[in-house]
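**Student:** Dumping the structure here so I can ask a few things about it.
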Amino acid sequence: MAAYLQWRRFVFFEKELVKEPLGNDGAAPGAAPVSGSAASKFLCLPPGITVCDSGRGSLVFGDMEGQIWFLPRSLQLTGFQAYKLRVTHLYQLKQHNILASVGEDEEGINPLVKIWNLEKRDGGNPLCTRIFPAIPGTEPTVVSCLTVHENHNFMAIGFTDGSVTLNKGDITRDRHSKTQILHKGNYPVTGLAFRQAGKTTHLFVVTTENVQSYIVSGKDYPRVELDTHGCGLRCSALSDPSQDLQFIVAGDECVYLYQPDERGPCFAFEGHKLIVHWFRGYLVIVSRDRKVSPKSEFTSRDSQNSDKQILNIYDLCNKFIAYSAGFEDIVDVLAEWGSLYVLTRDGRVHALQEKDTQTKLEMLFKKNLFEMAINLAKSQHLDSDGLAQIFMQYGDHLYSKGNHDGAVQQYIRTIGKLEPSYVIRKFLDAQRIHNLTAYLQTLHRQSLANADHTTLLLNCYTKLKDSSKLEEFIKTKSESEVHFDVETAIKVLRQAGYYSHALYLAENHAHHEWYLKIQLEDIKNYQEALRYIGKLPFEQAESNMKRYGKTLMHHIPEQTTQLLKGLCTDYRPSLEGRGDREALSCRASSEEFIPIFANNPRELKAFLEHMSEVQPDSPQGIYDTLLELRLQNWAHEKDPQAKEKLHAEAISLLKSGRFCDVFDKALVLCQMHDFQDGVLYLYEQGKLFQQIMHYHMQHEQYRQVIAVCERHGEQEPSLWEQALSYFARKEEDCKEYVAAVLRHIENKSLMPPLLVVQTLAHNSTATLSIIRDYLVQKLQKQSQQIAQDELRVRRYREETTRIRQEIQELKAR
């Protein structure tokens, strides 16, 4: 039970008397004349009004003279004679232009129900489509209340004898409507209301002593007893969907709300209730403070006419009184055109216009009633921007009062609307790091944080040394649950020294570069870094080995070399614990990793030899580097046996056939390291006989000079000439070699004798004896040649003479 004494009172409605329209100089029909300037100032209704209703754009009144009056928004009052004596009840349908009325055409207890079609006319008056007696039987009784379903297929009439009749079918037509007694009781019926829920239609029936409901959409009309106390006439109403279409019963002590099958909440609104209405989410109650039994409504109404009456408008959802005012003798309260209209016995109409939402909120702000403002805004369906503005003002208010915990909770509700920097600055200034942390956490949970917010939140965690919160923040189950920029978080954690947390993020979110940076630069855990690279996909493993290979080679050369061997031959990630090795193997270019071994020649040699053995088609750079490395080792080796082995390895590599396309490069390497056998081998392979000759000449290797001439003189005869010229320039005794050269030159007739003599003339040690044999043999050969030539000439002459004689003989015949 909610006690209304604790509810705050506000003035959310503006009250004013309804004035007559301009140009209407006359008083309302039947109204008492008013003297002075007020005669045409305020609207005055006809006297003797007994019943009221509203709907379809008009206020509807019935009076003691049998007339029904209509007051449209233009305030031009019109009416017609509906009954001969009096009108006692009216019900205007809200969705159809149909009016149901109960009244009397003759003296005695004989009430008639008339159904009016307001869209059709009969002689200028609304068309009466149906008339039938209200009392179903012969026993006289008085009609106490009337209600009609909006589908105009149900109409219920309550009587003072406790009975209720139900008209089922089209109420506008006699032939389609069937009347039956639905309820009989011992207490006067004081209120009726239809409630539609899907296809089920309920009828609430309230008397002075009980409340019950019927299901009237079926055949058997099952009844549910809801309560054992009731209310007076006009003290019940049906709420709108904001209160789930509950039936409201206002007793003197409490106001009760009912569902069709049970009682709902109740509110302790004291005072003798006279009128109850529901208006746009508000409960409107007219009451007197003096308590009177509900039964006296039927016996002593005249004695109450002069009492002061209080009109209260309650907001049940937000639990406050939206308006409260005193009136003199209220006839009824009607709702139309978005306002409430209070009719008083003196014929005046008071309009209660609800203030707009913003005005109401400002009134609440002035009183610092922010919680109430928030509830009001929600019930008025204020948009999210408007709600955020209220939360911000509420947060500012709490902040100014020093309630930082409460303030941050309100600021959290503005996330997505209010610029976060507005809140952050407040809590940075106040050094309220716990509050700032709470705000930033929510900002991240809603995925509205940027990198700066992530940095700030992590700094808050680290300053608070709250490892549990930090772990909770970063250790999300899946990528979709990450509400922050991972790279920013890694940077902040690394800077703060929370390496394990940073590693967790880097590994779980595949920030491989950051993981390796932390392992290598901060923790110095080279083994773990190398293991991690070995788990990566090929492309990432390759790029990270190029980036960090030198560092790893410096600290763990053997393991790094092993990984490089695998990376360049048949790489498969080491999928720990899964045993899945079915991934396609990949192979990196081994040549690109050679710089990593700059300071590790032993590992480089092992790597290069492994590549040359496992992959004979390795890049040329592998073989070039391997040759250079073997030549370096050979050149620096002091041990003869080891040096001989290295010599053999270098020659073997040169003879492998891998240097055909890079002959010059291999030759330069051999020359740089003075690897003579390699140089000569390459010269020979390149058919550079002149270079071989020059090499031996430079090293004064006379026998090798002769050997080269003997070996390659057939292919290049000029070698003998160069050999002769070389020996001719030597000052030491080279007779043996000169003689050998001269013999070959003579045998092959490679040089004219004169040129030979001129060549040998350059040698100061050369004597005639050196070339005597050469000259003698040469002269002998020339003499022999001359003799042969002379013999041949003589033979040719003799032959010529013989032929001429034969010719003469032939001519003489």
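The values are calculated or read from the model by the stated rules, or taken from the named source; none is laboratory data. Since the structure is predicted, the reported quantities are computational estimates derived from the model, not experimental observations. Cβ coordinates were reconstructed from backbone atoms using ideal geometry, including for glycine residues, and neighbour counts include every protein chain displayed. Side chains are part of the model used for accessible areas, which takes the heavy atoms of the whole protein and leaves out ligands, DNA and RNA. Shrake-Rupley method; radii C 1.70, N 1.55, O 1.52, S 1.80 Å.
**Student:** Probe radius 1.4 Å, ligands and nucleic acids ignored: give me the carbon and sulfur share of the accessible area of the stretch 43-191 as a rounded percent.
**Tutor:** Working: 2990 of 6380 Å².
Here it works out to 47 percent.
**Student:** Extension gain residue 337-residue 324, at 0.36 nm per residue separation less the Cα-Cα distance, in nm? Before the final figure, lay out each step's value.
**Tutor:** Numbers: separation 13, 0.36 × 13 = 4.68 nm, distance 2.08 nm.
Contour length minus the Cα-Cα distance gives 2.6 nm.
**Student:** Kindly sort 405, 466 by accessible area of their heavy atoms, largest first, with the probe set to 1.4 Å. Spell out each step's value before the answer.
**Tutor:** Values: 405 90, 466 45 Å².
In descending accessible area the options line up as 405, 466.
**Student:** Give me the distance in nm between label points sitting 7 Å out from Cα along the Cα-to-Cβ direction at residue 472 and residue 150, one decimal.
**Tutor:** For the pair residue 472/residue 150, the computed spacing is 4.8 nm.
**Student:** How much of the accessible area of the stretch 356-439, probe 1.4 Å, is carbon plus sulfur, in whole percent?
**Tutor:** 47 percent
**Student:** So what does residue 187 come to for accessible area, using a 1.4 Å probe and Å² rounded to 10?
**Tutor:** 90 Å²
**Student:** Rounded if a/c is under 1.5, else prolate if a/b is larger than b/c, else oblate: which is the stretch 356-439, with a ≥ b ≥ c the root eigenvalues of its Cα gyration tensor? Could you put the intermediate results ahead of the total?
**Tutor:** Details: a/c = 2.64, a/b = 1.76, b/c = 1.50.
In terms of gyration-tensor shape, prolate.
**Student:** First select every other residue whose beta carbon is under 10 angstrom from the beta carbon of residue 11; then total the charges, Lys and Arg +1, Asp and Glu -1.
**Tutor:** Working: positive: 9, 15, 355, 360; negative: 14.
In short, +3.
**Student:** Related question: Probe of 1.4 angstrom, ligands and nucleic acids ignored: what's the accessible area per residue over the stretch 94-168, in square angstrom?
**Tutor:** Values: 3110 Å² over 75 residues.
About 41 Å² of surface per residue is accessible.
**Student:** What nm value, rounded to one decimal, do you get for the distance between residue 41 and residue 403 when each label is placed 7 Å out toward the C-beta?
**Tutor:** Each label point is offset 7 Å from its Cα along the Cβ direction, giving 4.7 nm.
**Student:** So if each residue of separation counts as 0.36 nm, and I subtract the Cα-Cα distance between residue 261 and residue 363, what length gain in nm does that give? Write out the running numbers ahead of the final one.
**Tutor:** Numbers: separation 102, 0.36 × 102 = 36.72 nm, distance 3.99 nm.
Going from the current span to full extension adds 32.7 nm.
**Student:** Can you compute the label reach from residue 125? Point 7 Å from Cα along the Cβ direction, backbone N cut-off under 20 Å, restricted to the stretch 77-101.
**Tutor:** From the stretch 77-101, the list is 77-93, 97-101.
**Student:** Quick check: Cα centre of the stretch 197-269 to Cα centre of the stretch 44-120, how many Å?
**Tutor:** Rounded to whole Å, the Cα centres lie 27 Å apart.
**Student:** At 7 Å along the Cα-to-beta-carbon direction for both residue 707 and residue 671, put a label point, then send me their distance in nm to one decimal.
**Tutor:** That separation, rounded to one decimal, is 2.3 nm.
**Student:** For the stretch 372-484, report the accessible area per residue in Å² (1.4 Å probe, heavy atoms, rounded to an integer).
**Tutor:** Working: 5750 Å² over 113 residues.
So the stretch 372-484 comes to 51 Å² accessible per residue, rounded to a whole number.
**Student:** Assign unit charges at the C-beta atoms only (+1 for Lys and Arg, -1 for Asp and Glu), then state the dipole size of the stretch 356-439 relative to its Cα centre in Debye, rounded to the nearest 20. Can you show the working numbers first?
**Tutor:** Values: 10 positive and 9 negative charges, 38 e Å.
Value, rounded to 20: 180 debye.
**Student:** Ordering 78, 88 by accessible area with a probe of 1.4 Å, largest first, what comes out? Walk me through the numbers on the way to the answer.
**Tutor:** Numbers: 78 75, 88 45 Å².
The ranking, largest first, comes out as 78, 88.
**Student:** Gain in length, residue 81 to residue 178, computed as 0.36 nm per residue apart minus the alpha-carbon separation, to one decimal in nm?
**Tutor:** Details: separation 97, 0.36 × 97 = 34.92 nm, distance 2.75 nm.
Residue separation times 0.36 nm, minus the Cα-Cα distance, leaves 32.2 nm.
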